[in-house]
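To start, the structure itself, in structure tokens.
What follows draws every value from the coordinates through simple rules; no lab data is involved. Computed from a predicted model, the values in this text were never measured in an experiment. Note: ideal-geometry Cβ built from the backbone for every residue, glycine included; neighbour counts use all protein chains shown.
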Amino acid sequence: MFNKILLFLGLFLAFSNCSSKINGNKLDEKSETTSMNNINNNSLRQPETEEQWKERLTPEEYNVLRKKGTEKPFSGKYYDHNSSGIYVCKGCGTELFKSDAKFDAHCGWPSFYEGIDKSKIKETIDRSHGMIRTEVTCATCGGHLGHVFDDGPQDKTGLRYCINSVSLEFVAKENLDTTQIKR
């Protein structure tokens, strides 16, 4: 019985639209200065084995990207982040979301009303945890990003891509090298 209560509480917190904000984690300066050159040329080659993924990712990143976990709401560095640039897959560097498509859904995770390119995001029916949702993964490396819901801004697409911060890396607008952007 206790386990069922904990599961219910966890699901409630994870999937309810929270209206209050908790003190946000501001993006650290190192991540803020990530360049597109670093994203495309550094260690973001897609590992071939799960052991290689484990070596490259932190335990939390591995749990979310490879095991379809979820970070705690309001704990991620990008949920309250408002700089101009693009968000790329932490697993492989594929460009996923523009900062212009980000909005505050009061849910505790970064939310976007559209991706950069539909071919870079794969959507799959997720029937886990007694719910039916649409899972969002990176089409390049298969990394779990989050879920998409139909309660986004109606004046845009009506969609809310609810994404885990640990699945993303941010490239500030001034650090974008447009000759290297993968489109």
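Numerical summary
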read-out	value
Around Pro59: net Lys/Arg minus Asp/Glu count, Cβ-Cβ under 15 Å	+1
Segments 159-169, 108-118 sorted - mean Cβ within 10 Å per residue, highest first	159-169, 108-118
Ascending count of other beta-carbon atoms within 10 Å, so fewest first, for Ser84, Ser128	Ser128, Ser84
Largest-first ellipsoid semi-axes for the stretch 25-175, taking √(5λ) over the Cα gyration tensor eigenvalues, angstrom	21, 19, 14
Leu168 long-range amide H proximity, modeled H, under 5 Å	Lys90
Within-12-Å neighbourhood charge of Thr70 [Cβ basis; K, R +1; D, E -1]	0
Residues with amide H under 5 Å from that of Phe97, placed H, sequence gap 5 or more	Tyr87, Ile116
Backbone HN-Hα couplings from phi across the stretch 50-65 [Karplus 6.51/-1.76/1.60, Hz, Gly and Pro as x]	5, 4, 5, 4, 4, 5, 8, 9, 5, x, 5, 4, 4, 4, 7, 5
Karplus (6.51, -1.76, 1.60) ³J(HN,Hα), θ = phi - 60°, over the stretch 128-134, in Hz, Gly and Pro reported as x	6, 6, x, 10, 10, 9, 10
Cβ charges +1 (Lys, Arg) and -1 (Asp, Glu), total dipole of the stretch 25-175, debye	220
